[in-house]
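Reading through the structure tokens given below for one structure.
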Amino acid sequence: MTTRTGQPAGGALLLSEMKEFASFPKATQRYIRRSLDIAFGRRDALTCWARDEGEAASIRAQTRLYKQLDALRLQVPDDSGLDTIDPFMGLLITLTAFDLGQDRIPNFAAYRFLYERLLGAGARSWLPAAFCAASALPHLHPDRRRVLLQSISESAATAPGWSNREPVFWPEWVEKVDVAAAA
């Protein structure tokens with residue numbers, strides 16, 4: 001397994017991130033892989049991920065929204081100065097609201113996992129605020145809002161600092177292999 005830059009990944013760190021990904025529900029794993037495919041143009045998302053017209057419409061909407069990710073990555077504030085967060089947080093909350101509205105991201109851990117890869121480690125300190133803001137929006141059912149908001153731990157919401165280490169595990173779609181035909 002390699003990092004996003006093609007360099008060997010630290011074994012313990014890679015295994016930790018793989019275990020975290022494996023702990024998510026299958027639908028969440030699928031949504032994260034789909035989202036990364038769309039964000040980084042790894043393959044034709046409609047062909048790979050759309051199982052029906054509803055999912056195809058969702059993928060087209062996600063593709064339109066994710067076109068803003070390049071600009072968002074450039075806007076990650078260097079510090080917590082309030083004068084620099086307006087354009088960044090507004091767009092981050094919008095993208096987060098879309099992803100949470102797809103009902104495939106069940107908690108803060110899965111959201112953080114995805115968005116650390118979409119935006120990089122520099123955005124890590126902004127993720128709890130964006131998650132809480134988007135989780136409280138009225139487009140989500142009140143029960144869903146409650147579950148999402150309860151999923152963020154006090155330590156994540158009040159962390160005094162965040163790691164600047166980039167993620168090393170990047171989940172991808174792996175085609176199924178017919179073992180009998182391969183033998």
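The values are calculated or read from the model by the stated rules, or taken from the named source; none is laboratory data. Only a predicted model underlies this, so the values are computations on that prediction, with no experimental measurement involved. Using ideal geometry, Cβ is built from the backbone for each residue, glycine included, and neighbour counts are taken over all protein chains shown. Surface accessibility is based on the protein's heavy atoms, side chains included, excluding ligands, DNA and RNA. Shrake-Rupley method; radii C 1.70, N 1.55, O 1.52, S 1.80 Å.
Out of Gly161, Gly122, Gly90, any idea which swings most in a Gaussian network model of the chain, alpha carbons joined below 10 Å?
Residue with maximal mean-square fluctuation among Gly161, Gly122, Gly90: Gly161.
With every protein chain left in place and a probe of 1.4 Å, what is the accessible surface of Arg146, to the nearest 10 Å²?
Surface open to solvent at Arg146 totals about 120 Å².
I'd like to compare 95-103, 31-39: which one has the highest average count of other Cβ atoms within 10 Å, and what's the full order after that? Each step should come with its number before you reach the end.
Values: 95-103: 18.6, 31-39: 21.4.
The most tightly packed comes first, giving 31-39, 95-103.
In deg cm²/dmol and to the nearest 500, what is the mean residue ellipticity at 222 nm of the chain if only DSSP H runs of at least 4 residues count, each as -39500 (n - 2.57), divided by the residue total? Present the calculation step by step, with values, prior to reporting the outcome.
Working: 11 runs with 107 residues, N = 183.
Mean residue ellipticity, 222 nm, calculated: -17000 deg cm²/dmol.
What size of dipole, in debye to the nearest 20, comes out for the stretch 39-80 about its Cα centre when the only charges are +1 on Lys and Arg C-beta atoms and -1 on Asp and Glu C-beta atoms?
160 debye
Please compute the contact order of the chain in relative form: average sequence separation of alpha-carbon pairs under 8 Å and at least six residues apart, divided by the residue count, as a percent.
Values: 160 pairs, mean separation 51.8, N = 183.
This gives 28 percent for the chain.
Among Val147, Val76, Val168, which one shows the highest mean-square fluctuation when the chain is modelled as a Gaussian network with alpha-carbon springs under 10 Å?
Sorting by GNM fluctuation, first place goes to Val147.
Which three extents, in angstrom, do the Cα atoms of the chain have along their principal axes, listed largest first?
60, 40, 30
For Glu166, Glu116, write out the residues from largest to smallest accessible area, computed with a 1.4 angstrom probe and no ligands counted. All intermediate terms of the calculation are to be shown ahead of the outcome.
Values: Glu166 95, Glu116 10 Å².
From most exposed to least exposed: Glu166, Glu116.
What accessible area, in Å² to the nearest ten, does a 1.4 Å probe give for Asp86?
120 Å²
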